[in-house]
Amino acid sequence: MNAVSRHSVPKRLAVRVCGRVQGVGFRPFVKCLADSCNVSGWVRNDAGGVSLEVQGGGSQLARFMVALREQAPPLARIEAVVENPCPLQPRERGFRIRPSSGGAVATEITPDAAVCDACLEELFDPADRRYRYPFINCTHCGPRYTLTSGLPYDRVRTSMAKFPQCPRCLAEYEDAGDRRYHAQPNACPECGPSLQLLDGDGHPLPVGDVLAATVDRLTSGQILAIKGLGGFHLLCDAGNPEAVARLRTRKRRSEKPFAVMVPGIEAAERLVRLAPGERHLLAGVDRPILLAGKRPTVDRQLPGVAPGMPWLGVMLPYTPLHYLLFHEAAGRPMGLAWLSGTGQPVWVCTSANPGGEPLVTDNQDAVRRLSGLADALLVHDRDILVRCDDSVVRQAEGRAVYLRRGRGVTPSPIRLPRGGPPVLATGGHLKNTVCLTRGDQAYISQHVGDLDNAATCRALDDTVAHLQRVLAVRPDCVACDRHPDFYSSALAARLAAEWAIPLVRVQHHHAHLAAVQAEHGLEGPMLGAALDGVGFGDNGEPWGGELLALDGRGGFRRLGFLRPLPLPGGDRAAREPWRMAAAALHELGWGERIPAWFPEHPRAQGLAGMLATGTRCPRTSSLGRLFDAAAGLLKVKAVSRFEGQAAMLLEGLAAEHGAVPAWEGGWTLDQEGLDFRPLLAELTRSSERGFGAALFHATLAAGLADWLCRAAEKAGQKRVAIAGGCCANQVMMRDLCMRLEHAGLSVYQARQAPPNDAGLSLGQAWVALQTVR
Amino acid sequence: LAHGGGGRAMAQLIDELFMAAFDNPALRKGNDQAVVEPPPGRLVVATDSHVVSPLFFPGGNIGSLAVHGTINDVAMCGARPLALTAGFILEEGYPLADLRRIVESMSEAASAAGVSVVTGDTKVVERGKGDGVFINTTGIGVVPPGLELSGDRARPGDHVLVSGPIGDHGVAIMSLRESLGFEAPITSDSAALHELVAAMLDEVPQVRCLRDPTRGGVAATLNELSRQSGVGIVIREEALPIREAVDAACELLGLDPLYVANEGKLLAICPPDASERLLAVMRAHPLGSDAALIGEVIEDSHGFVQMETAFGGTRNVDWIAGEQLPRIC
Ligand SMILES: [Fe+3]
Ligand SMILES: [Mg+2]
Ligand SMILES: [Zn+2]
Ligand SMILES: [Zn+2]
């Protein structure tokens, strides 16, 4: 078969490919490629990934090897390709897919992926047997992680086990040349799952066409619960203010912005301004919610969806079902061209997790927990086995920053600077995630949520168990936060005791920074700046604006901190920025002005008293609370309706106003740290909120840069990691990073792992890995 | 008040102040111990050392508190308290007049409760080595046959009741200590609960357990009970009795009233079919007039104490290590 060219001597190579190469159609791809390059050999899965041997003329082999790396299937992620010459097999003919080599085949589970274009073509082709079939998928797309219960990834261990394939599907599944070769969730209308529309009480609705009935209801302003990949969503017409208001009332979510779903990028661009990189993020196979700059018309177009926010969360459809709903709304057009139109509806698409509890995944559970929220439920009989919220991403300085890792991203690992014994880290309290390491791979779990309710705490237990199962790893060490009252820490202590393995308690801000070190592979000593809300400090005080010297061996020294402000009423002050403003006035020596400053707050007098006596006023170095103080002083927001609202509104005002020069007199630096009292005093004199917000951001960035540059010089360090919840503030971060880089420092920020508390688990794991060796 | 050994000055203090105030036959004998003839039943002993700052507060002082606290500890297993002992640690220089007020209110509290202080002890420590007055009281009592109250007896389905508004004592102390001067002064709920307990158990002997939610408040007590019994507990925020002034003070201070101390309240857990009767008996007693059914016991291997909030959500009422620390990042 092999046409051995006279110019190239035949050679044979043994090749190993590592990374995400199993369950993504890699072997059929290799076979196809080999045939087209006219080389012979074989390919198979094994414990380390994929191994293959290829034989052919030098130029064919070279072409094969290049294409192997560059044309891999969409869901593959190649980490390493190692090739070695091996002896020729002179009698070999053709290229074969061999059965997996014996022994433990660690067939990995890949993240869920949005439906691919090839499947979409079929979905909208009236001649195709899967025309309008909501569960169409192939090897290059569809559900994975969320329908798999264990290893190895095989149909029997997925929720597709109960749907035996019909002969036509089975033929596709077994044909190595087919797009559906070994596509575990393969299905068709003959043999696969089907849809059902239920009323609010869970009774099936006798409708002729489920999709048409669903779209009718959405169009008429109803709220629908719709089963997605990792859980249920609530959908309603974003352009219908009554429907949006009803959703807010029912979800008891007064001001927190909703994300919207639109059929394509063009429709998205009518709502948000998209840089090229952002377009790419929005349309990626992980189909995250992209936070992008909201167009000024949006508050008029979609009233009440994201009021006052500078950003809007936008998402494209990712299941065939989502596409079919838009397809129905568009009048069932053929082909894909209609997806680039802009006349389509915009739907609010928010996760169905009543009362801050975990996302609803189960049909019965959906009826029980969503009745009263949804007017009707669009369900199906393919069970969700693993809960997974939508991922949230934004672009900063041209790079993606994952603010929440969930569907489409989990369980992709982050590569650590080096390997070590497996570590389980249980994360923080809010936005909890856990992290399990295997070798030099760190697997951050999907978003678990806020551990303030029993259901989420149980979800954490389940997530820990599930992660161990799908990674087939038993930890040698457990890591957690140092706060004495977190459920995540109690769980870590319990597991460490049960398994008789060490427990490492990691300081909150150390963990934030270690997460950045971990994902950037930064070893050795460096500086770290934690720009955060509140975390439990080693002296028992609430920290949050910290300059740490990281020793690169899992330890740190606190070099300095923001001058602490009182936190009157503890966490209450984090929800009520006016309290932080009062705290600022007190620190400026103007305590007696507090009651007059807040005439609308009946408790202002009492708060002044608390500040005067120091009652329930722990002092915090938190930068997040400094933002709150500024927002309170500028009367941007007295009481936050959701976490971080005041700071976001302040950022929105600053962005709208445009940059102003920093005020160099706004801060002082001493041995301990950085004091922004002059800036706060200036804000009390600021009559214009937009200017005040801009001045605050600019001066903050300048002051922080001054502080960090001096510390870097003193320590002889050029590298600074920056992490913490405040990194979500783009106006400040852009300015700060520019200043630091201008001063010759290398700045490292969280990208793959969230800069907020969702990234703590990665940092904890990395600190533990550094200390256990 | 002078620091000294066991001399005449001390004997005089004891005679003039303590003997006069607590006067009863056992004490009058002047022995170093009291002999008590117990009625039939099982003997109960409880001891508690009282330290409170400030020593005087609206609704009482360390003296009355020392009597109520220990009587309540004895009463929570269903016992009738018989007698108390009192140990005083006084700081040199503490004003005698203040001491007299403390001892007198202690004596009043004891006689109002019908329980005598039958033996005691007094020590004076150097200035700076104490905080005015510390009082240890020990109580003895007798549980009538047949009563088996214990924190490990709560069962799924049981109801949880509280005898009245929560958080009064802790907020009274805090607002006074920090001179926050709330519009309406808040009074400590310090009270002896044994008669309420007796009335409850007379009518509903099936009560599974009683406990007074003192330090750590209702939250700590419910967590102790859930852990001891290996169950979960769900309470309803809207059912929790709480005075408006206490609620307002807690809001200002950023305190969760569930974690604030009480000194005259009890939590009761009883089988569901008995809760209505129990509630009626409690409400018929002056110390239980605002009693409420606040929740129920559920099966839960985690032993979570949860609260259904007024907003329709559910949140955990954690067992915290100490004071309420900030955790919002
Ligand atoms: Fe944090
Ligand atoms: Mg006690
Ligand atoms: Zn596909
Ligand atoms: Zn089929």
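The values are calculated or read from the model by the stated rules, or taken from the named source; none is laboratory data. Here the structure is a predicted model, which means the values were calculated and not measured. With ideal geometry, Cβ positions are generated from the backbone for all residues, glycine too; neighbour counts draw on all protein chains shown. Heavy atoms of the whole protein, side chains included, go into the accessibility calculation; ligands, DNA and RNA do not. Shrake-Rupley method; radii C 1.70, N 1.55, O 1.52, S 1.80 Å.
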Please grab the % of Cα pairs in segment B:253-322 that end up more than 13 Å from each other.
-> 75 percent
Counting only DSSP beta bridges fully inside chain B, the antiparallel percentage to nearest 5 is 75 percent
Expressed per residue, the solvent accessible area of chain A in Å² (1.4 Å probe) is about 36 Å²
The computed P(r) of the protein assembly as shown puts the percent of Cα pairs beyond 49 Å at 37 percent
Filter the trypsin sites (Lys or Arg not before Pro) in segment A:159-227 down to the DSSP loop ones having no more than 16 other Cβ atoms within 10 Å, then list what survives.
-> A:162
Antiparallel %, DSSP beta bridges [both residues in the protein assembly as shown], to 5 = 75 percent
Inter-chain shielding metric for B:128-141, i.e. average beta-carbon neighbours from other chains within 10 angstrom, reads 0
Work from the charge dipole of segment A:195-380 (Cβ charges, +1 for Lys and Arg, -1 for Asp and Glu, about the Cα centre) and give the residue of A:305, A:223, A:330 farthest towards its positive end.
-> A:305
At 7 Å along the Cα-to-beta-carbon direction for both residue B:15 and residue B:112, put a label point, then send me their distance in nm to one decimal.
-> 3.1 nm
Mean per-residue count of partner chain Cβ within 10 Å for A:534-540 equals 2
Eigenvalues of the alpha-carbon gyration tensor of segment A:195-380, times 5 and square-rooted, give semi-axes in Å, largest first, of 25, 19, 15
Taking the Cα centre of segment A:195-380 as the origin, how large is its charge dipole in debye, to the nearest 20, when only Lys and Arg (+1) and Asp and Glu (-1) carry charge on their Cβ atoms?
-> 520 debye
Provide the gained length on full extension for the span residue A:70 to residue A:170, in nm with one decimal, where the gain is 0.36 nm per separating residue minus the Cα-Cα distance.
-> 33.0 nm
Share of segment A:195-380's accessible area from carbon and sulfur, percent, 1.4 Å?
-> 51 percent
Carbon and sulfur: what percent of chain B's accessible surface (1.4 Å probe)?
-> 50 percent
Shape of segment A:3-97 from its Cα gyration tensor (a ≥ b ≥ c, root eigenvalues): rounded if a/c is under 1.5, otherwise prolate when a/b > b/c, or oblate?
-> prolate
Is the shape of segment A:606-696 best called rounded, prolate or oblate, per the rule: a/c under 1.5 gives rounded, else a/b larger than b/c gives prolate, else oblate, with a ≥ b ≥ c the square roots of the Cα gyration tensor eigenvalues?
-> oblate
In Å³ per residue, the alpha-carbon convex hull of segment A:372-451 encloses 159 Å³
Pairwise FRET efficiency - residue A:280 versus residue A:669, Cβ, R0 = 60 Å, nearest 0.05 | 0.90
Would you mind putting A:724-735, B:292-303 in packing order, based on average other-beta-carbon counts within 10 Å, highest first?
-> A:724-735, B:292-303
Taking Cα atoms, how many degrees apart are the long axis of helix A:58-70 and the longest axis of chain A, rounded to 10 and kept between 0 and 90?
-> 40 degrees
Potential lengthening between residue A:468 and residue A:80 on full extension [0.36 nm per residue; Cα-Cα distance subtracted] | 137.2 nm
Cα-based shape type of segment A:701-744, given that a ≥ b ≥ c are square roots of the gyration tensor eigenvalues and the cut on a/c is 1.5 | prolate
For chain B, the fraction of alpha-carbon pairs in successive 20 Å shells from zero, as % | 31, 55, 14, 0
For the pair A and B, how large is the buried accessible area, both sides, in square angstrom to the nearest 100, if the probe is 1.4 Å?
-> 3100 Å²
Filtered hits (lysines, Cα-Cα < 25 Å from residue A:31, offset >= 8 within chain) -> A:11
Once residue A:613 and residue A:62 are pulled to full extension, the length gained, defined as 0.36 nm per residue separation minus their Cα-Cα distance, is 190.6 nm
Point-charge dipole on Cβ atoms (K/R +1, D/E -1) for segment A:3-97, about Cα centre, debye to 20 | 160 debye
Label point distance in nm, residue A:642-residue A:539, each placed 7 Å from Cα along Cα→Cβ | 3.6 nm
So what's the net charge close to residue A:669: Lys and Arg +1, Asp and Glu -1, counting the other residues with Cβ under 13 Å from its Cβ?
-> -2
Considering the options A:57, A:517, A:762, tell which one lies farthest towards the positive end of the dipole of the protein assembly as shown, charges being +1 on Lys and Arg and -1 on Asp and Glu at the Cβ, about the Cα centre.
-> A:57
Restricting the count to DSSP beta bridges whose residues both fall in segment A:195-380, what percent are antiparallel, rounded to a multiple of 5?
-> 75 percent
Looking at segment A:127-219, which GluC sites (Glu not before Pro) are DSSP coil and have at most 14 other C-beta atoms within 10 Å of their C-beta?
-> A:190
Size of the dipole of chain A about the Cα centre, Lys and Arg at +1 and Asp and Glu at -1 on the beta carbon, nothing else charged, in debye to 20?
-> 1060 debye
Shielding of A:570-582 by partner chains, average beta-carbon count, 10 Å | 3
Peptide ranges B:81-90, A:442-451 listed from the most packed, as the mean C-beta count within 10 angstrom indicates | A:442-451, B:81-90
With -39,500 (n - 2.57) per DSSP H segment of 4 or more residues and division by the full residue count of chain B, the 222 nm estimate, nearest 500 deg cm²/dmol, is -8500 deg cm²/dmol
Furthest towards positive pole of dipole, A:351, A:207, A:291, structure part segment A:195-380, Cβ charges = A:291
Carbon and sulfur atoms: what percent of the 1.4 Å accessible area of segment A:553-692 do they account for?
-> 51 percent
Using mean Cβ contacts within 10 Å as the protection proxy, how do A:58-66, A:763-771, A:294-302 order, highest first?
-> A:763-771, A:58-66, A:294-302
Mind checking the per residue accessible area of segment B:178-257 for me, 1.4 Å probe, whole number of Å²?
-> 40 Å²
Sites residue A:121 and residue B:45 - FRET efficiency at Förster radius 60 Å, r taken between beta-carbons, to 0.05 = 0.15
Low-density loop positions, trypsin sites (Lys or Arg not before Pro), segment B:6-84 - DSSP coil, at most 16 other Cβ in 10 Å | B:29
Subset of A:431/A:637; A:162/A:227; A:294/A:431; A:227/A:294; A:256/A:294; A:256/A:635 violating a 21 Å alpha-carbon distance limit = A:431/A:637; A:294/A:431; A:227/A:294
For helix A:320-329, report the angle its Cα long axis makes with the longest principal axis of the Cα atoms of chain A; keep it between 0 and 90° and round to the nearest 10°.
-> 80 degrees
